[in-house]
1. Spot the failing condition for residue 75; the list is (1) on the phi > 0 side of the Ramachandran plot; (2) at pLDDT 90 or above; (3) not aliphatic (A, V, I, L, M), and only one is missed.
2. Residues 11, 16: which one is outside the structural domain of residue 63 (by TED's automatic domain parsing) and within 28 Å of residue 92 (Cβ to Cβ)?
3. Any idea how many residues of region 38-65 are within 23 Å of residue 91 (Cβ to Cβ) and at pLDDT 85 or above?
4. Please report, ordered by residue number, the strands (runs of 3 or more DSSP E) entirely within region 5-97 with at least 3 residues that are free of Cβ contacts under 8 Å to residues at least 40 places away in the same chain and loosely packed, with under 14 Cβ neighbours inside 10 Å.
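The values are calculated or read from the model by the stated rules, or taken from the named source; none is laboratory data. Every value quoted in this text rests on a predicted model; they were computed, and no experiment measured them. Here Cβ is always computed from backbone atoms with ideal geometry, including for glycine, and neighbour counts include all displayed protein chains.
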Amino acid sequence: MKYKVTNNDFRAKAFRTPAGVKLVEPGKSETVEVLEPIGESEGLVAKLLDDGDDTGEDLPKLKVDELKALAASEQIDLGDATKKDDIIAAIEMAREG
């Protein structure tokens with residue numbers, strides 16, 4: 001999920017991304033791709049970006065552990081899926097409904 005975040009706080013804000021932790025410094029705005037939805041927080045404005053059909057375009061770029069974390073954050077049961085392609089298929093099927 002990609003968000004446009006603006007940090008209006010006096011402290012840096014940290015976000016978990018597929019690549020690690022991303023800091024947004026006070027007074028800055030940045031686009032951040034995160035594994036979990038960004039909730040409301042004092043001093044932070046977060047707007048979910050609509051990239052059209054963003055339901056899997058970046059999934060092949062993620063590592064297996066990142067895909068598993070993404071599935072867990074979306075409460076997707078992977079069943080017996082252990083291979084990358086199987087995990088991606090399970091995520092895409094769950095997102096479609």
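1. Evaluating residue 75 over (1) on the phi > 0 side of the Ramachandran plot; (2) at pLDDT 90 or above; (3) not aliphatic (A, V, I, L, M) leaves (2) as the failure.
2. 16
3. Of the residues in region 38-65, 10 are within 23 Å of residue 91 (Cβ to Cβ) and at pLDDT 85 or above.
4. Ranges flagged: 20-24.
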